[in-house]
1. Averaged per residue, what accessible surface does the stretch 72-168 expose to a 1.4 Å probe, in Å²?
2. Hey, can you grab everything whose amide H is under 5 Å from the amide H of D252? Only 5+ residues off in sequence or another chain; H modelled, so Pro and N-termini drop out.
3. Give the dimensionless ratio obtained when the Cα radius of gyration of the stretch 242-310 is divided by 2.2 N^0.38 Å.
4. First measure r as the distance between the Cβ atoms of S185 and A53, then evaluate 1/(1 + (r/R0)^6) with R0 = 51 Å and state the FRET efficiency to the nearest 0.05.
5. For the stretch 50-173, report the convex hull volume of the alpha-carbon atoms normalised per residue, in Å³, without decimals.
6. Report ³J(HN,Hα) in whole Hz for each residue of the stretch 323-334, in order, from the Karplus equation J = 6.51 cos²θ - 1.76 cosθ + 1.60 where θ = phi - 60°; Gly and Pro get x.
7. With a 10 Å radius around each residue's Cβ, average the other Cβ atoms per peptide and rank 241-254, 301-314, highest first.
8. I232 label point, 7 Å along Cα→Cβ, cut-off 20 Å on backbone N: hits in the stretch 277-295?
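The values are calculated or read from the model by the stated rules, or taken from the named source; none is laboratory data. Quick caveat: nothing in here was measured; it's all calculated off a predicted structure. Glycine gets a Cβ as well: all are built from the backbone with ideal geometry, and neighbour counts include every protein chain shown. All accessible areas refer to the heavy atoms of the entire protein, side chains included, with ligands and DNA or RNA removed. Shrake-Rupley method; radii C 1.70, N 1.55, O 1.52, S 1.80 Å.
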Amino acid sequence: MKWAAWAAAAAAGCGLLLLLVLMGPLGALAEEERRQEEERRAAAAAAGAGMLAPGSDIPRAYWALIEEWGTYCPTLTPPRLAAQLQTESGWNPDVISGRQLSTAGAIGIAQFLPGTWAEYGIDANGDGVADPTDPEDAIPSAAIYDCAVARMVRDVPGDPIDNMLAAYNAGPGTVINHQGVPAESWGNGETYNYVRHIRALEKTLAAPPPAYGQGPVTAQAAAVLSLAREQIGAPYVWGGGDKDGPTGGGFDCSGLVVYAYYQVTGVELPRTSQTQRGAGVRVTAEQMMPGDIIVINNDGDWGHVGIYAGGGMMIHAPRPGKWVEEVELAGYWSGFTWDIRRVL
């Protein structure tokens, strides 16, 4: 685990005084970061999404690193990180590309430029050297940089995953200036095609999602789903919807959930997707039953929620400019971590 490696490095290099400090406020911060990471991993495991395909050509030596660091933030999965590394270097940790007389080249399995490595490269294996040609350092550092640029471009329109990958390739400033992935006409299409290639490749490197549970459809669940389906076509309205129905002319994701469950059960669920994570009990994707709610960490803050309709489908209010709809969970939504809650 990376936390252990960092702690060991700190102990070896900084002495007793720093260790005493770390046991105070900084130690509490590290403990909170560790707790949050474990929570992310638990949610990913519960969802069963984003694991590596057993038959893929990913070198076994890198498997554990990719599965560990591929859940570092909500826009990253192990297959996505693996697809990125394969695209960057073809799994060659010694490659140096793009070097010219006046510029240094991109180095190693994750193809870090020297300046970027100096800022984001870490000594993840605790051997005393942060080395871009060492996959044990470079793979974790790639995940850290992915998640850093994802935060930098999180307010840019478009798909946050595409924007993250484009920012890794061309820099976050380019994505901000273009307000998304640069068009195919920009830069000979390098960044545009880089994103498209990784998004296609990650699907071939991902294990099939677990079979979503079906289970019995209880009378209450059937009534909740029936009422939710009656809202299909209602516009998405930020903050819209409460226990009595649409407000402002429509629903947001959590407002739809509150309405459907209250009208059937008389129980008023918490109003936001984040607080709905505390409702009921957690179940896995394999255990899901129609009527469970799926809280999805699509924005780093568990910002979306829908109702499991059975058969791998979800009823939800997606986002501004869209309408309440019933969609497949496979594909886009399976690329994020979930917290599945049984409230009936």
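1. Values: 3810 Å² over 97 residues.
In whole numbers, the stretch 72-168 has 39 Å² accessible per residue.
2. V237, G239, G240, G241
3. Working: Rg = 11.8 Å, N = 69, 2.2 N^0.38 = 11.0 Å.
Cα Rg divided by the expected 2.2 N^0.38 Å: 1.08.
4. Numbers: r = 34 Å, r/R0 = 0.67.
Computed FRET efficiency for S185 and A53 comes out at 0.90.
5. Cα convex hull per residue, to the nearest whole number: 106 Å³.
6. With the stated coefficients, the stretch 323-334 comes to 10, 4, 8, 10, 9, 6, 6, 4, x, 4, 6, 6 Hz.
7. Working: 241-254: 19.1, 301-314: 21.3.
Sorting 241-254, 301-314 by mean packing, highest first, produces 301-314, 241-254.
8. Zone members listed by number: 289-294.
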